[in-house]
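The values are calculated or read from the model by the stated rules, or taken from the named source; none is laboratory data. Source: prediction; values computed, not measured. With ideal geometry, Cβ positions are generated from the backbone for all residues, glycine too; neighbour counts draw on all protein chains shown.
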Amino acid sequence: MKKTLLFFAFIITSVISAQNDEAFVDALVAQKMAVLEMQQNPEYFLRKDYCDGNIQIFILPDGSTCASKSTYYSVYVFWKEGEDVMKVQKFDNCGSFMSFPVAITKNIRKALKDKQALKTEEVKPYKAEKIDNDAYGNMPVQSCHKEYKFVFGGDVFEKKFKEFDLTNDSKYKNVNASHNKSLVLIKLDEEISEMIKHFEESGKFFREN
């Protein structure tokens, strides 16, 4: 039985042509940001999404297979193309996707105008109102993260948080949930999440390679 499992593991590994890690994704994003800098784009930002240990496998346009190495990372870069339009481009462990224009919604416009709040407000970690040895009960907790980087002219700053910090699903109430959900960053994140979900479901993301 063990030999059979090892054989299938070998077959699966052999047909996967690429296994790229976070450094690969970061390099792609850095190249994109360098292009935006060369174009003297005054305002852009990105969001990196990942869940620890989540592995994804894809069939690429050329028929080859690609898998994330250890953890799957998806990064969405947004940059302004005008007063009412911005573009978005996705990157992941298997390469880049084609960019396309999207309308700047009222909520996104409002959040991006409040640059000081985006820069200074902080997401507080999950804190249960009561502490015991089994604060989370039998609830499975997946460690999912979101990381933002904002570039507003010469002002560059980063923000990061765990999705769990926004929830209120443990055995005891998260006393920081209301605070976190009131932040400008989280309001922007909710809008971006809805937008990305719509793009994914409607098949808007097409791989470049």
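Within region 20-57, how many residues turn out to be in a strand (DSSP E or B) and touching a residue at least 60 places away in the same chain (Cβ under 8 Å)?
Counting residues in region 20-57 that are in a strand (DSSP E or B) and touching a residue at least 60 places away in the same chain (Cβ under 8 Å) gives 10.
So which residues in region 164-199 are surrounded by fewer than 16 Cβ atoms within 10 Å (Cβ to Cβ), of a type in the set (Asp, Glu) and at pLDDT 95 or above, if there are any at all?
Glu190, Glu194
Restricting to region 91-108, name every residue that is surrounded by fewer than 14 Cβ atoms within 10 Å (Cβ to Cβ) and without any contact (Cβ under 8 Å) to a residue 24 or more places away in the chain.
If the condition is that a residue be surrounded by fewer than 14 Cβ atoms within 10 Å (Cβ to Cβ) and without any contact (Cβ under 8 Å) to a residue 24 or more places away in the chain, then Pro101, Ala103, Lys106 are the ones that fit.
Among residues belonging to region 140-176 that are small (Gly, Ala, Ser) and out of contact with any Asp or Glu (no Cβ under 8 Å at 6 or more places or on another chain), point out the one that is farthest from Val75 (Cα to Cα).
The selected residue is Ser170.
Quick one: how many residues across region 170-209 are in contact (Cβ under 8 Å) with a residue 60 or more places away in the chain, farther than 16 Å from Lys110 by Cα and among the basic types (Lys, Arg)?
Qualifying residue count, region 170-209: 2.
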